[in-house]
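What follows is a short report on a single structure.
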Amino acid sequence: MPSAIPIRLLATLSAIALLVGCGASDTPPAATPTVMVQTASRAPASGSIYSGEIRARYEFDVAFRVGGKIAARLVDAGAQVKAGQALAQLDPADLELNASSARAQLAAAESDFATARAERERYSSLIKQKFVSSTAFEAKDNAFNSARARLAQAQAQTKISGNQAAYGTLSSDKPAIVTAVLADAGQVVSAGQAVMRLARPEEKEVSIAVPESRLAALKPGQIVTVNLWADPKIFVNGKVREIAPAADATTRTFLVRINLTDPPPAVQIGMTARVMIGDASATPLLVPLNAVSDRGQGPQLWLVQDGKAMPRAIQVAPFREDGATIASGLNEGEMIIISGLNRLTAGMAVTPRPAATPEQQR
């Protein structure tokens with residue numbers, strides 16, 4: 001019995017030693033840190049970028065040529081319509097009554113004209129036989145001329161009434177996009193009152209508001225760069241088409257219209273765009289302020305290359321409110337790390353995660 005205690009103690013000590021040895025040799029590897037990254041890109045110089053709206057060069061309001069109550073609206077805002085497609089219809093009751101009234105007046109005028117012509121022919125025969133006086137014949141002749149004039153008037157009025165019946169259907173003369181609906185079914189409109197606003201999509205432009213202090217930098221025919229807010233990767237060349245001769249009474253800015261050159265299908269009417277004055281490729285690269293670090297060896301950036309964090313010495317140009325401009329040491333399109341720089345070491349494996357753009361943050 002006494003010899004059993006040392007044996008148990010020896011087994012326990014052996015197990016403890018085995019566990020300690022295993023723990024020392026099987027240490028789990030460190031986790032790969034995740035870093036926020038951003039692609040190095042250029043930004044326009046301060047004061048040379050304007051926000052604008054994509055619009056059609058040709059926009060126009062459509063209206064009924066006659067007044068009445070709108071019976072039906074056949075399209076909605078945003079619809080693409082074809083040439084001759086019906087957009088809205090008036091209540092046809094009044095238009096049909098006007099057409100019926102005009103036809104009745106035409107019938108009465110034709111009857112009066114036939115009677116006046118017969119009377120004139122009869123008096124013309126009698127005056128040759130000297131059975132009536134010239135005064136009586138002149139009265140019949142004047143009545144005939146009046147009846148003929150009333151007949152021509154009734155014929156013209158009938159044509160107008162027929163056209164007005166057709167005017168009860170509002171249609172587009174050309175292929176277009178409905179950008180706004182200004183009147184709806186059940187509303188009574190007068191002749192010429194705008195019912196819808198249409199835009200012809202074949203030619204697009206950007207409209208921007210430019211303050212008078214910057215107006216001298218723009219001239220008709222000048223080439224500019226247009227960038228979409230919805231897709232910052234899309235750049236389109238534009239040409240200044242028109243500069244307003246007078247400032248807006250409310251904003252005191254000048255409206256400038258820029259014609260887009262061969263815009264891709266992604267450019268849609270109503271989108272927001274940036275208009276960059278000058279050559280965007282000539283501007284320096286811009287990085288966030290927190291992406292620049294200095295560990296006693298001068299300013300540097302940390303880049304992700306082959307899944308590893310690598311430092312890169314750079315030369316910083318003047319700082320701006322929206323970041324730091326890089327004079328040298330960085331190429332456009334490289335992936336820079338913008339957070340957690342104090343935890344990085346050269347060659348450390350990292351997991352890049354794209355940072356949210358200002359548009360996505362909004």
Candidate lysines - alpha carbon under 16 Å from Lys130, same-chain residues fewer than 8 apart omitted: Lys140
Cα-Cα over 27 Å, subset of Lys69/Lys159; Lys82/Lys239; Lys69/Lys204; Lys69/Lys174: Lys82/Lys239; Lys69/Lys204
Relative contact order (percent, whole number), the chain, Cα cutoff 8 Å, 6+ residue spacing: 25
Ranked list, fewest to most other Cβ atoms within 10 Å of each Cβ, for Ser207, Ser328: Ser328, Ser207
Nonlocal amide H pairs with Ser171, under 5 Å, H built at 1.01 Å: Leu87
Centroid-to-centroid separation of region 85-144 and region 303-335 [C-alpha atoms, Å]: 92
Packing-based ranking, highest mean first, of 217-227, 196-206 given that Cβ atoms within 10 Å are counted: 196-206, 217-227
Which label in (i) 63; (ii) 32; (iii) 26 gives the computed percent of Cα pairs over 34 Å apart: (i)
Over the chain: helical MRE at 222 nm, DSSP H runs n ≥ 4 each giving -39500 (n - 2.57), nearest 500: -9500 deg cm²/dmol
Burial order of peptide ranges 52-65, 342-355 (average beta-carbon count within 10 Å, highest first): 52-65, 342-355
Amide N proximity, region 177-194 versus Asp91 label position 7 Å along Cα-to-Cβ, cut-off under 17 Å: 184-191
Simple Cβ-charge dipole of the chain, Lys/Arg +1 and Asp/Glu -1, about Cα centre, in debye nearest 20: 540
Placed amide H near Val224: partners under 5 Å, 5+ positions off or other chain: Gly238, Lys239, Val240
Residues with amide H under 5 Å from that of Gly67, placed H, sequence gap 5 or more: Ala191
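Coordinate-derived values only; no laboratory data. Keep in mind that this is a model prediction, so the values were computed, not measured. FYI the Cβ positions are ideal-geometry reconstructions off the backbone, even for glycines, and counts take in every protein chain you see.
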